[in-house]
Amino acid sequence: MWQRAADVAYAVDSRVGNNMIALGLGVTVFWPALLAMRPDGAEAQALAELKGRYVALRAVEASQACPPPAEAMAAQRQAALPVALGDRLVYEERSSNGAPARLLGMQITALRRDQIEFSVDLDGKAFAAPWRQDLVGNPVLEGRAPLLGWRRLLKPDLALGQVLVGELAAANELQPSARVRGQVVATGPQTIAGRSFDVAVIELFGEAPAVTPSSGSVDQASARLDGVMAVDRRSGLLLRLELRCANPDFNLRRRLLRVEAAARP
């Protein structure tokens, strides 16, 4: 329910330009704020129905003294993932054409009901901030490790031909985001780095803020952006990301090289 409400809110926000979602609304839904966005048509009806379900669920919780939901991911869900707690995913990352490859390490430190959290290192140097993502693959951009991320781009149960809309956020949080659209062009099982994944391949295209070559500053023009992303549909794990853009903040390659299994007792 929370996810659906956030999806509707993002669709309204993208159309009217309130920037509420960009300020961190996320999936922690605050109903007065959502309704203040003044959605109309099908979106207004969807939010009204979701709010009704929310009120009903809260009433049931209060009447039956229901405990809060468990924070940890259910054991059955964990068993269905292609990775486990403590596994370390190692990616090759190149920031631009011709740049030397760097090794990006992401070790799973927590499997939560609605999130996976990683500790992050680049060429062995650890970042203080973690990387957190929901189970469809969208990262939590606030307080993240300084890596390129995306906002509200991925959806549950990605299907062949599905069209996606979202934003790419530069590793430097002070830089403006890029608007991006995508389409799922391939799906199916694939073995990568010795693990079996249920892969969705997404073609990306959009516009990023342009950069003035002489000063390196961002101007009001835009630069074309295109690329491809591959994710696991069961966990949201990123398997490959290739972006091509004249703006170096959105020009990179990241691909999964291997998965280092956690030490077993």
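The values are calculated or read from the model by the stated rules, or taken from the named source; none is laboratory data. The shown structure was predicted, so the numbers you read here are calculated from the model rather than taken from an experiment. Ideal geometry is used to build each Cβ from the backbone, glycine not excepted, and the neighbour counts take in all protein chains shown.
Results, tabulated for the structure shown:
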{"quantity": "Residue selected from the range 145-155 under the condition among the charged types (D, E, K, R) and in contact with a strand residue (DSSP E or B) (Cβ under 6 Å, 6 or more places away or on another chain), by the criterion surrounded by the most Cβ atoms within 10 Å (Cβ to Cβ)", "calculated": "152"}
{"quantity": "Top-ranked residue in the range 224-252 [being within 17 Å of residue 95 (Cα to Cα) and touching a helix residue (DSSP H, G or I) at 6+ places or on another chain (Cβ under 8 Å); ranked as surrounded by the fewest Cβ atoms within 10 Å (Cβ to Cβ)]", "calculated": "225"}
{"quantity": "Residue match in the range 214-231 (condition: part of a loop (DSSP other than H, G, I, E, B) and within 20 Å of the chain's Cα centre (by Cα))", "calculated": "no"}
{"quantity": "Selection within the range 167-180 - crowded, with 20+ Cβ neighbours inside 10 Å and either in contact (Cβ under 8 Å) with a residue 60 or more places away in the chain or outside the structural domain of residue 235 (by TED's automatic domain parsing) (or both)", "calculated": "167, 168, 170, 177, 178"}
{"quantity": "All strands (runs of 3 or more DSSP E) inside the range 46-151 with 2 or more residues being at pLDDT 95 or above and of a type in the set (S, T, N, Q)", "calculated": "102-111"}
{"quantity": "Residue 183 being more than 19 Å from residue 91 (Cβ to Cβ) and outside any loop (DSSP other than H, G, I, E, B)", "calculated": "yes"}
{"quantity": "Exclusive hit being surrounded by 20 or more Cβ atoms within 10 Å (Cβ to Cβ) and under 21 Å from residue 227 (Cβ atoms), set 122, 158, 141, 135", "calculated": "158"}
{"quantity": "Unique residue being touching a residue at least 60 places away in the same chain (Cβ under 8 Å) and basic (Lys, Arg) when the list is 152, 112", "calculated": "152"}
{"quantity": "Whichever residue in the range 181-197 is surrounded by 15 or more Cβ atoms within 10 Å (Cβ to Cβ) and out of contact with any Phe, Trp or Tyr (no Cβ under 7 Å at 6 or more places or on another chain) and, among such residues, is farthest from residue 81 (Cα to Cα)", "calculated": "182"}
{"quantity": "Inter-residue pairs, beta-carbon under 6 Å, first in the same structural domain as residue 106 (by TED's automatic domain parsing) and farther than 28 Å from residue 210 by Cβ and in the range 220-244, second assigned to a loop (DSSP other than H, G, I, E, B) and of a type in the set (Val, Ile, Thr), 6+ apart", "calculated": "236/136"}
{"quantity": "Residue identified as within 15 Å of the chain's Cα centre (by Cα) and either on the phi > 0 side of the Ramachandran plot or aliphatic (A, V, I, L, M) (or both) among 186, 200, 208", "calculated": "200"}
